[in-house]
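Chemist: Let me begin by handing over the structure; questions about it come next.
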Amino acid sequence: MLFYSFFKTLVGQPVTVELKNDLAITGVLVSVDQFLNIKLDNIKVVDEERYPHMLAVKNCFIRGSVVRYVQLPAPSVDTALLQDAARRERQQPAQGGRK
Amino acid sequence: MSDFFGFNTVMPGRPGSRKVMLNPDEQQELDRQVQKYALETGEDFEIYDYGETYDNLADGLEETRDDLNDETFGGTGAGTDFDFASNTRQIAPALKKEEELYIKQNEHVGVRRSSFASLWENDASAQQDSYKNGLPEPSQAASSIWGSFGNTTVKGMDAGGRNTGFVHDPVFGVGTFALSRPSTFGNQPSLEEIEAQLLRTAGTQPQIPAQQERKMMSLEEVEAALMSINGGRPIYTESVIAEQQAKQARLEKRRAERLAKQAEIAKHNGLMTQSDKDFINRIQISQLVTDDPYADDFYCQVYTALRNRHLQQMGIPGSMMDSGHPDNRRRGNGRTEQRMQQQVQRIVSDAKRNPKRTNVTVEGALGKIAVNSVLNPRQLLQVSKRGSTNDVLAGNLPKPPSPGPVSTKSHTVLGWIENVYTCVLALEQMRRQQPPPPRPGEEELAREVIQQWNEEYGELARKMWRELRITVPISIVHPHPFISILNYSKGKKVIPRVLRHLLPEQILTLLTMLVANFDSLNVCKSEIYADVEGNQEIELFMNTIVPPLLGFVSEAPFRIVVGLLALFIERNNMIWVARSRPGLAFLTLFLTRAEILKQGHSNYPIPDEREIEQWNELYNRLFSQLQTHFAALFMPKATMAEDVHVWRFLAAMAVGASVEQQHVLVTEVREQVLDNVIAAQTSRSAPEKAAQRIGNVNLFLHALGLDASQVTVPAM
């Protein structure tokens, strides 16, 4: 839930999603769900010469499991808060028997 | 005999009985042929020869008195009521007209409605063909009405072709169709007519070309109509036709595609009922729903809260929450939203009632069924928990810092810091859930709640205090545990948050401990200036720890300031400490505060004689320790921005100094003053940099009652 919670705050921000097939897509984050599936708008492929077929695509839905990295806009990430959130997540009384 | 119930019974070509009509020659010839045939076949024809065996009894019958027939069979004949064929013949033209009208109507509609068109296709096309040949064919009308007689039509035609007028032949007695043929169209049926008939009555094979022809005709007609509408001119331009056709085809194709797509989608319409949809929604939402948003959605909650506060400070109404959930905003009408909210509430209460289980054991099943969720994902790694359980135990049981030797290994210290964080987070969470101020009428209840909250809060704060390990006696371990905590950047970062939950005397203890062990801080070590990381640490110390303590000291009474400075000088090597920025900052802090209190600028009374005496003694000690080292406070290669704290300290020293001490100060830093003034006066540096240099120098010179402009640059 930490990452879901985190990505929720990035809605409306430009991000670059790097996929496991080496495709890197820059776009405005529209929404994200608990599986970290990502919806992007106004997308632009980073290496357009290699992927000309993506030129016509304006928005996309990315399955969370194919994402390798997401490049974030640094000003909209509160690292101290993120650390706290991680601490809280760890402290949670083993929810549903989770270790 | 010629009239049987009004029907003409005369057979064509055989007018009369054979016996009567045959002359003796013919009779003989016939007999001869019969005999010949009998010889050939071996048949005994004699038995059929009634001539010999016939006893002529019939001759005895009364053949006369036919005039009584009328009496026997009734009056003046049977009339013609039952003569259906002639009746039909009379109304045949009217029927035909009706039929034509109907076909025409269908032709207009039929172009589009292929299903009907195919029903009427054969007849319509045949009809049209016959129109073209100028042969209006009533039989068409009749045949389509009496459709079941289709097979007889051809026979009837053949027969009717040779017979003019009515057909009375009993051999072809059932030829109703032929009978219906009006005598007015007694001419031979044309080839085309017969072909059309054949087409209609034959199997499916010949039908298909006729149908296709029909369809193509209609398309051409449509195009022609379009052309005439568009241009109003003849449609003989090839290119225009092609273009129009292509356009038409495109439109037609697109429309068809759209319709096909719609149909494709529409076939799934209504597949799910509302309760199905609700069920799916529940499943999806239940993954995300939580009764404690601060626990499961901590980052988002706090982040938006912080952002909103920040925006409000900037005068922008906080709307982060809205932009954070665009789908909420987009979500349709209020009723749906309300229903969703109700569902969410129900899910939350359900979740509270039955806590989630990791696995279910179903009776009869082999093994357990794992129930995975977002909160409880399938475990992919099995890590040995031996080490972590010890940590958890240590965290859960906050053992009071033991007086014995305490390990200061890095992971131990990091563990302490994490424990502090845990407490801080819990405290902050409690702050957020602080009970609201009592409403009128509920004071008693509210007071109880508040008291309970205060107790819990105090307990947690004490726990945090223990975790900070400030009260561990000095000089058992070196460095002191608290200083060890401060040597980590995350230890530094937690201090401002810790201070918010501490009582004033606890802060004083903390400050005392810090001051007493100051030179064991890593930021106090001079070699730390060498690398970037060290500078970051110093920056962090100056930004996190100094400001809140500065705030505390600037409220402190004279007695405490004196005590702290005494401890500072007592326990640390001043030359060492003063060469670090944090050390110098603390010294400046104490000096300025003492000076302010001495001059009586704050709420505290002016310190009495004895306290002033103590202070002067302390000051003199500090001055004598630092004497001959003032110039060394300046960083060897520091930029002037980094020098400002040194000048500030010198200013603080100068304010409290005696005349001799001031003299010593000026003598020692004279070089730096001159350097700065010369650097500012030469045109090499930018104006703002020069102004800053002069400003720095003036910090110190003003404290002495001087100004940079009074400095005379000696001729070089």
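Each reported figure results from applying straightforward, stated rules to the coordinates on display, with no laboratory input. Remember, it's a predicted structure, so these values are computed and weren't measured experimentally. FYI the Cβ positions are ideal-geometry reconstructions off the backbone, even for glycines, and counts take in every protein chain you see.
Chemist: Can you give the relative contact order of region B:406-501 as a percent, counting alpha carbon pairs under 8 Å and 6+ residues apart? It would help to have the intermediate numbers written out before the result.
Modeler: On the way: 57 pairs, mean separation 38.9, N = 96.
In percent, rounded to a whole number, it is 40.
Chemist: How compact is region B:406-501 by the rule of thumb for globular proteins, expressed as Cα Rg over 2.2 N^0.38 Å? Could the numbers behind the result be given before it?
Modeler: Numbers: Rg = 17.0 Å, N = 96, 2.2 N^0.38 = 12.5 Å.
My calculation over the Cα atoms of region B:406-501 gives 1.36.
Chemist: For a quick check of your reading of the filter: which trypsin sites (Lys or Arg not before Pro) in region A:2-57 sit in a DSSP loop and have no more than 16 other Cβ atoms within 10 Å? Mind dumping the intermediate values first?
Modeler: Working: sites: A:Lys8, A:Lys20, A:Lys39, A:Lys44, A:Arg50; in loops: A:Lys20, A:Arg50.
Sites meeting the loop and neighbour criteria: A:Lys20, A:Arg50.
Chemist: Could you derive backbone 3J(HN,Hα) for region B:563-573 from the dihedral phi with the Karplus parameters 6.51, -1.76 and 1.60 (θ = phi - 60°), listing whole Hz in sequence and x where the residue is Gly or Pro?
Modeler: Karplus-based 3J(HN,Hα) across region B:563-573 equals x, 5, 5, 4, 5, 4, 5, 4, 9, 10, 7 Hz.
Chemist: Another one. If amide H atoms are built 1.01 Å from N in the plane of the peptide, which residues on other chains or at least 5 residues away come under 5 Å of the amide H of A:Ser31?
Modeler: A:Lys39
Chemist: Let me ask something else about it. Of A:Pro73, A:Pro52, A:Pro14, which has the largest mean-square fluctuation in a 10 Å C-alpha GNM of chain A?
Modeler: A:Pro52
Chemist: What net charge is computed for the residues neighbouring B:Arg559, neighbours being all others with C-beta under 15 Å from the C-beta of B:Arg559, Lys and Arg scored +1, Asp and Glu -1?
Modeler: Numbers: positive: B:Arg593, B:Lys598, B:Arg610; negative: B:Glu505, B:Glu555, B:Asp608, B:Glu609, B:Glu611, B:Glu613, B:Glu617.
With Lys, Arg at +1 and Asp, Glu at -1, the net is -4.
Chemist: What are the ³J(HN,Hα) couplings of region B:535-541, residue after residue, when phi is run through the Karplus curve with 6.51, -1.76, 1.60 and θ = phi - 60°? Round to Hz, x for glycine and proline.
Modeler: In residue order, the calculated couplings are 5, 5, 4, 5, 4, 4, 4 Hz.
Chemist: I need B:Val498, B:Val553 ordered by Cβ neighbour count within 10 Å, fewest first. Write down the numbers at each step before the final one.
Modeler: On the way: B:Val498 24, B:Val553 21.
Arranged by neighbour count, lowest to highest, B:Val498, B:Val553 become B:Val553, B:Val498.
Chemist: Sticking with this one: Count, for each residue of A:1-12, the Cβ atoms from other chains sitting within 10 Å of its Cβ, then give me the mean as a whole number.
Modeler: Details: counts 11, 5, 1, 7, 9, 5, 2, 8, 10, 3, 7, 4.
The per-residue average across the peptide is 6.
Chemist: Select from B:Gly491, B:Pro435, B:Val449 the residue farthest towards the positive end of the dipole of region B:406-501; place +1 on Cβ of Lys and Arg, -1 on Cβ of Asp and Glu, and compute about the Cα centre.
Modeler: Value computed over the given set: B:Gly491.
Chemist: Here is a further query. Measuring from label point to label point, each 7 Å out along Cα→Cβ, what is the B:Leu57 to B:Gln33 span in nm?
Modeler: Between B:Leu57 and B:Gln33, the label points sit 3.1 nm apart.
Chemist: If you take each beta carbon of peptide A:73-81 and count the beta carbons of other chains within 10 angstrom, what is the mean? Show your work: numbers first, answer last.
Modeler: Numbers: counts 0, 0, 0, 2, 2, 5, 0, 4, 6.
What the average comes to for A:73-81 is 2.
Chemist: So which of B:Lys463/B:Lys493; A:Lys20/B:Lys261; A:Lys8/B:Lys490 end up more than 24 Å apart, counting from Cα to Cα?
Modeler: Working: B:Lys463/B:Lys493 19 Å; A:Lys20/B:Lys261 33 Å; A:Lys8/B:Lys490 26 Å.
Over 24 Å Cα-Cα: A:Lys20/B:Lys261; A:Lys8/B:Lys490.
Chemist: I would also like to ask the following. Could you work out the local net charge near B:Arg621, counting Lys and Arg as +1, Asp and Glu as -1, over the other residues with Cβ closer than 14 Å to its Cβ?
Modeler: Values: positive: B:Arg571; negative: B:Glu570, B:Glu613, B:Glu617.
Net charge in that neighbourhood comes out at -2.
Chemist: Take B:Tyr604, B:Tyr619 and order them by how many other Cβ atoms sit within 10 Å, fewest up front. Present the calculation step by step, with values, prior to reporting the outcome.
Modeler: Numbers: B:Tyr604 14, B:Tyr619 20.
Ordered from fewest to most neighbouring Cβ atoms within 10 Å, B:Tyr604, B:Tyr619 come out as B:Tyr604, B:Tyr619.
Chemist: Next question. I'd like to know which of A:Val17, A:Thr79, A:Val28 lies farthest towards the positive end of the charge dipole of region A:1-91, counting +1 on Cβ of Lys and Arg and -1 on Cβ of Asp and Glu.
Modeler: The residue sitting farthest along the positive end of the dipole is A:Thr79.
Chemist: Roughly how crowded by other chains is peptide B:416-427, in terms of the mean Cβ count from those chains within 10 Å of each of its Cβ atoms?
Modeler: Numbers: counts 0, 0, 3, 0, 0, 5, 4, 0, 2, 5, 2, 0.
For peptide B:416-427, the averaged partner shielding equals 2.
Chemist: Which of the GluC sites (Glu not before Pro) found in region A:10-99 are loop residues per DSSP with 11 or fewer other Cβ atoms within 10 Å of their Cβ? Can you show the working numbers first?
Modeler: Values: sites: A:Glu18, A:Glu48, A:Glu49, A:Glu89; in loops: A:Glu48, A:Glu49.
Sites meeting the loop and neighbour criteria: A:Glu48, A:Glu49.
Chemist: Now a separate question. If you consider only alpha-carbon coordinates, what radius of gyration and Dmax does chain A have, in Å?
Modeler: Radius of gyration, then largest Cα-Cα span, for chain A: 15.4, 50 Å.
Chemist: Please give the charge dipole size of region B:406-501, origin at the Cα centre, charges +1 on K and R Cβ atoms and -1 on D and E Cβ atoms. Round to the nearest 20 debye. Write down the numbers at each step before the final one.
Modeler: Details: 14 positive and 10 negative charges, 138 e Å.
Computed about the Cα centre, the dipole is about 660 debye.
Chemist: Right, here's the next one. Among the trypsin sites (Lys or Arg not before Pro) in region B:235-287, which ones are in a DSSP loop with at most 13 other Cβ atoms within 10 Å of the Cβ? Mind listing them? Before the final figure, lay out each step's value.
Modeler: Working: sites: B:Lys247, B:Arg250, B:Lys253, B:Arg254, B:Arg255, B:Arg258, B:Lys261, B:Lys267, B:Lys277, B:Arg282; in loops: B:Lys267.
When the trypsin sites (Lys or Arg not before Pro) of region B:235-287 are filtered for loop state and at most 13 Cβ neighbours within 10 Å, B:Lys267 remain.
Chemist: Rounded to the nearest 500, what is the 222 nm mean residue ellipticity of chain A from helices alone, with -39500 (n - 2.57) per DSSP H run of 4+ residues and division by all residues?
Modeler: Working: 2 runs with 20 residues, N = 99.
That calculation yields -6000 deg cm²/dmol at 222 nm.
Chemist: Can you check what the Kirkwood hydrodynamic radius comes to for region B:665-708, Cα pairs only, in Å to one decimal? Don't skip to the end; give the middle numbers.
Modeler: Working: mean 1/r = 0.0955 Å⁻¹.
Kirkwood hydrodynamic radius for region B:665-708: 10.5 Å.
Chemist: Next question, about the same structure. Among B:Trp465, B:Trp647, rank each residue by its count of other Cβ atoms within 10 Å, from fewest to most, as a rough exposure measure. Write out the running numbers ahead of the final one.
Modeler: Details: B:Trp465 20, B:Trp647 25.
Least crowded to most crowded, the residues run B:Trp465, B:Trp647.
Chemist: Using Cα-Cα distances under 8 Å and only pairs 6 or more residues apart, what relative contact order does region A:1-91 have, in percent? Walk me through the numbers before you get to the answer.
Modeler: Details: 146 pairs, mean separation 26.1, N = 91.
Value for region A:1-91: 29 percent.
Chemist: Against the longest principal axis of chain A, how steep is helix A:79-91, in degrees 0 to 90 to the nearest 10, with axes from Cα atoms?
Modeler: Tilt of helix A:79-91: around 50 degrees.
Chemist: Apply the Karplus parameterisation 6.51 cos²θ - 1.76 cosθ + 1.60, with θ equal to phi minus 60°, to every residue of region B:671-680 and state each ³J(HN,Hα) to the nearest whole Hz, in sequence, with x for glycine and proline.
Modeler: 4, 5, 4, 4, 4, 5, 5, 4, 4, 6
Chemist: On to the next question. Can you tell me how much longer the chain between B:Arg670 and B:Gln382 gets when fully stretched, taken as 0.36 nm per residue apart minus their C-alpha distance, in nm with one decimal? Spell out each step's value before the answer.
Modeler: Details: separation 288, 0.36 × 288 = 103.68 nm, distance 6.90 nm.
Here the answer is 96.8 nm.
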